[in-house]
Every structure is written in structure tokens, then in C-alpha cells.
Amino acid sequence: MKTKIILDCDPGHDDMMAIMLAASSDELEILGITTVAGNQTGDKTFENARRVLTLIERKDIPLARGADKPIIRELITAPQIHGTSGLDGAELPGPDAPYLDCHAVDFIIDTVKTSPEKVTLVPTGPLTNIGLALIKAPEIKKNIKEIVLMGGAVYDSNMTPGAEFNIFVDPEAAREVFLCGLPVTMVGLDVTNKSLMSFAQAEEISGWGGKISSVVGPLMRFFAQANLDYFGINGAPIHDALTVATLINPAVVEFENYFVDVETRGELTRGQTVADVYGVTGKKPNCRVAMRVNNRLFMSIMMDAVKKLDARLAGAV
Ligand code: BDR
Ligand code: CA
């Protein structure tokens, strides 16, 4: 049976790859895609999601726009990594994909409530929509299987010396999610900063010349260059797609169980995911944390996904 997911995202290069991987997979059924402000403003991440769905010809996937800003803070975006559009580096079509006339938070609540099977939530942006859904309708928890999120880290960071971007942007929402009592999986920078598509692999993809690959290759090249210029990371860390990949083939990462809380008040540590690695709090682990990644396996999953979408759109399958 397919795992039913709602993908809550802020496209974003790696969010786009997460959508593509989920849409190409036989193991997952996408009940809907919801967008949130993060990598860019709410209008841009929403339009980018529409463009991606237009490109991959999946206008059938329900799409709902969500929060334009964090629960109590001002929005911070990441143009230094994703450009002014949020998806700089190639032309995407559209945006032609239709969308629902309801807020993402209400879509999440209604979809979870009415699903005959438990739903897996897969947030790959700031946790505003998910946090708000859990606050507004805590009863949905009984029909959520788990929350598998991209965000945070035990030892790594990218926004401040202590925090990862998604958690930093909306730490109050993140705390709501980590402490909600449901099984939470954190796919954070400890693994995603090592989940690299090389410049050579991006060029190889461009060379395939298919409808998807000819867009993905240049976008990954842009993303790799931004990461090289800004962080000195040699390749494109496809953070959000690794999160989806753990649902398709869990062998792509190795997990440890830790108690994880989120710092919301620290002067230097806002948005830090504080993991009790040594069990010093005595608190029961609330989180499965991805700590090691098999990047060779992950890249083969990603290359296969792009090939599969190319073939599907060429009418070969
Ligand atoms: C996360 O922040 C965003 O820029 C990416 O899309 C990813 O979700 C990585 O820290
Ligand atoms: Ca993201």
C-alpha cells in the first residue's frame, strides 16, 4: 500500500526536487501539496509550486497556499541561495496548475480528518502551516501517522552558528511540532549537507535533454554554485528531496533516537534544535534523527526519478 503524504513546502530548488521525487515514486501517494513562505515570499513559493506542477504535468495534485509569515515573527527569506524568484537558474513554464480556494492549514486539517488511512506529513519549509494545523485542530493527531521533516540538526547549522534555516524562520511553530507527541523524524543538516549532487552530475542531467532534465540540470547547477559561493559546499545539497527519499528507501539514512527540543528565546541560539544525545535530561526520545547518509544511493534515487519523469512526459511509460 502506498504511503499517503501531504508535502508542505517552500519551493525552492530542493523543494522542487522533493516534489519531483514524490511525484515519480510508486511508493508514495501525494494527497496534496501546500505552500508556505520561507525560501521566498508566500506568493513566490506558491507560484513556484504551480510552475513545478505545470512542468511535470501533474495538475491533478491538489494545491493550497498557506501562511505568508511565521506565527509571531517577521518573515526571513533566502534569496542568497534560491535567487529572487526562489527558483533562479532556469525558465519554468506556467504557472498554470490550478489551486484550491482554501488555506493550506484548513486543507491539511480536512484532508487528514477525512483520509481513510493515516497520513504522513512531510514539511520541507518553515513549520508554520503544520504548527498552526496542530494548534487549530489537535484532534487530527489521531489520524497522522508521522511527521517527517527537513529541518534542524544535531551538530550542523546554516542560518546562524546554532540554527538551520527552516527552524530559525519559525521556531515557535517548530517547537509545536517537535513536542506534539506524534512520531517525528528530523532529516537535518547532519545528513542533508552531505547529500550532494555534484556539478558533474548536474551537467550530466542537463545533457539528457528531456523535458524535465533540461530544467533540473541548470537549476541544480545554480543551486550548487550558490552553495559553493555562500557556504563553500562543493555541490548541491538537495536537503528536501532526501527527506522524501527516506520514505521511499529508508536505507538511504541511518537514524538515532533522541529527545529534541527547539530553542525559541536564545539570544545566540534562536531556532536551534537541541538534541539530548547523551540522555542527560532523562526524557524519553521524541524524535528519530537521521545521522548518516548513503549519498551514492541517494543520488541514484534522484537520477532515476528525473529519468522516470523525462520518460513519462516523452510518452515512453
Ligand atoms: C532548508 O532551507 C531551505 O533553504 C531549503 O529549501 C531547505 O528546506 C535547508 O536548510
Ligand atoms: Ca525547503
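The values are calculated or read from the model by the stated rules, or taken from the named source; none is laboratory data. Since this is a predicted model, take the numbers as computed values, not measurements. Please note: Cβ atoms are built from the backbone with ideal geometry, for glycine as well, and neighbour counts cover all protein chains shown. Heavy atoms of the whole protein, side chains included, go into the accessibility calculation; ligands, DNA and RNA do not. Shrake-Rupley method; radii C 1.70, N 1.55, O 1.52, S 1.80 Å.
Annotations
- Cα gyration tensor shape of the range 166-298, rounded if a/c is under 1.5, else prolate or oblate by comparing a/b with b/c: prolate
- Apportionment of accessible area to carbon and sulfur, the chain, percent (1.4 Å): 51 percent
- Residue 29 long-range amide H proximity, modeled H, under 5 Å: 3, 4, 5
- For the chain, a Gaussian network of Cα nodes joined below 10 Å ranks 14, 190, 229 by mean-square fluctuation, and the top entry is 229.
- Partner lysines for residue 308 [C-alpha distance under 16 Å; skip if fewer than 8 residues away on the same chain]: 211
- Remark on the chain: hydrodynamic radius 19.1 angstrom, per the Kirkwood mean of 1/r across alpha carbon pairs.
- Put a plus charge on the Cβ of each Lys and Arg, a minus charge on the Cβ of each Asp and Glu, and nothing anywhere else: the dipole of the range 77-182 about its Cα centre is then about 480 debye.
- Shape category assigned to the range 93-244 from the gyration tensor of Cα positions, a/c cut at 1.5: oblate
- For the residue pairs 69/118; 69/141; 4/59, the C-alpha atoms sit more than 26 angstrom apart in 69/118.
- Once the 1.4 Å probe is applied to the protein heavy atoms, the chain comes out at 39 Å² accessible per residue.
- Residue 255 accessible area, assembled protein chains, probe 1.4 Å, Å²: 50 Å²
- Top of 159, 302, 291 by mean-square fluctuation, Gaussian network on the chain, Cα under 10 Å: 159
- For the chain, with +1 on Lys and Arg beta carbons and -1 on Asp and Glu, the positive-most of 220, 9, 31 along the dipole: 31
- Size of electric dipole in the range 3-313: Cβ of Lys, Arg +1 and of Asp, Glu -1, about Cα centre, debye, nearest 20: 480 debye
- As a length-normalised measure over Cα pairs under 8 Å and 6 or more apart, the relative contact order of the chain settles at 19 percent.
- Each peptide in 236-244, 280-288, 45-53 receives the mean, over its residues, of other Cβ atoms within 10 Å, and ordering these scores from highest gives 236-244, 45-53, 280-288.
- Relative to the Cα centre, the charge distribution of the range 182-317, modelled as +1 at Lys and Arg Cβ and -1 at Asp and Glu Cβ, gives a dipole magnitude of about 320 debye.
- Bridges between two residues of the chain, per DSSP, are antiparallel at a rate of about 35%.
- Partners for residue 113 among aspartates and glutamates (Cα-Cα distance below 16 Å; same-chain residues under 8 apart left out): 139, 146
- Dipole orientation for the chain: of the candidates 234, 282, 192, 282 has the Cα lying most toward the positive pole (charges on Cβ; Lys, Arg +1; Asp, Glu -1).
- Taking 85, 198, 115 as the candidate residues, the one with maximal mean-square fluctuation in a Gaussian network model of the chain, Cα springs under 10 Å, is 115.
- Euclidean distance of C-alpha centroids, the range 179-212 and the range 77-121, integer Å: 18 Å
- Cross-link partners of residue 145 among aspartates and glutamates (Cα-Cα below 18 Å; sequence separation of 8 or more within a chain): 8, 27, 29, 110, 117, 176
- Of 149, 249, 82, farthest towards positive along the dipole that unit charges on Lys, Arg, Asp, Glu beta carbons give the chain: 249
- Whole-angstrom gap from the range 237-283 to the range 291-306, using each part's C-alpha centre: 20 Å
- Taking all protein chains together and a 1.4 Å probe, the residues 278, 258, 230 rank 278, 230, 258 from largest to smallest accessible area.
- Inter-label distance for residue 297 and residue 2, nm, one decimal - labels placed 7 Å from Cα along Cα-to-Cβ: 2.4 nm
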